[in-house]
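See structure below.
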Amino acid sequence: MKLFLYISLFFILHSTAEIPKNYLKKIDKEVFTVFDIKAYEKVPVQIDPEILGQMSNDFDPDGFYQIQIDENHLGYFYFGKAPSKADEFDYVVIFDEALIIKKIKILAYREDYGGEISSKRWLRQFDGSDRTTSLKYGHDIIGISGATISAVSMCKEVNDLLKDLSKLPL
């Protein structure tokens, strides 16, 4: 039994190693707020290799986690990176149990211009989107002057993520 616990603990700690520790704290804060909880367990989602082969190359299975409390499934979160003009930015998307977007948070934006995409007001446009949603920049998602590249990139990332998640048998 102890060996099983050690192996499980190693697997969980190893699987969250891809997300920097300071981001995990930010992600925890957002999950606590969205689900009105004080603690939860991050469980890596295991995706069948055949399904993973159908997903885009940008989808990082190591960034996709189930949110649980005492084996009760509350939702999911996905940690990803998206291109901006000369660099990339890091973000997290928090989903409910039906993979409907509850919240998006930009964790780090590294450009001098375009940081407006981190605005809670702008990011709320994505809330409620699900695996059947296809958002159009300039139509469903309003543009941001001075942040066009990053805003288009975020819209594309969300669309690609939702399309990839539509392949999961959840």
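A short reminder: the numbers here are calculations on the coordinates, not readings from a lab. Owing to the predicted nature of the structure, the values given are computational and were not obtained by experimental measurement. Neighbour counts run over all protein chains shown; Cβ positions are idealised from the backbone, glycine included.
Key figures for this structure:
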item: Residues PHE59, PHE35, PHE64, PHE77 arranged by fewest to most Cβ contacts within 10 Å; result: PHE35, PHE59, PHE64, PHE77
item: For the chain, size of Cβ-based charge dipole, Lys and Arg +1, Asp and Glu -1, in debye; result: 440
item: Cα long-axis angle, helix 21-35 against the chain (0 to 90 degrees, to the nearest 10); result: 90
item: Answer label, with percent of Cα pairs over 25 Å apart calculated from the coordinates and candidates (1) 32; (2) 57; (3) 26; result: (1)
item: Antiparallel DSSP beta bridges within segment 2-165, percent to nearest 5; result: 95
item: Within segment 42-143, trypsin sites (Lys or Arg not before Pro) in DSSP loop having at most 10 other beta-carbon neighbours inside 10 Å; result: LYS136
item: Residues with amide H under 5 Å from that of MET55, placed H, sequence gap 5 or more; result: none
item: Length-normalised contact order for segment 2-165 - Cα pairs under 8 Å, 6+ apart - percent; result: 16
item: Derived scalar couplings ³J(HN,Hα) [segment 127-137; Karplus, 6.51 cos²θ - 1.76 cosθ + 1.60; whole Hz; x for Gly, Pro]; result: 4, x, 6, 10, 5, 9, 7, 10, 8, 10, 5
item: Amide H contacts under 5 Å for GLY143, placed H, 5+ residues apart; result: GLY138
item: Residues with amide H under 5 Å from that of LEU107, placed H, sequence gap 5 or more; result: ASP90, TYR91, VAL92
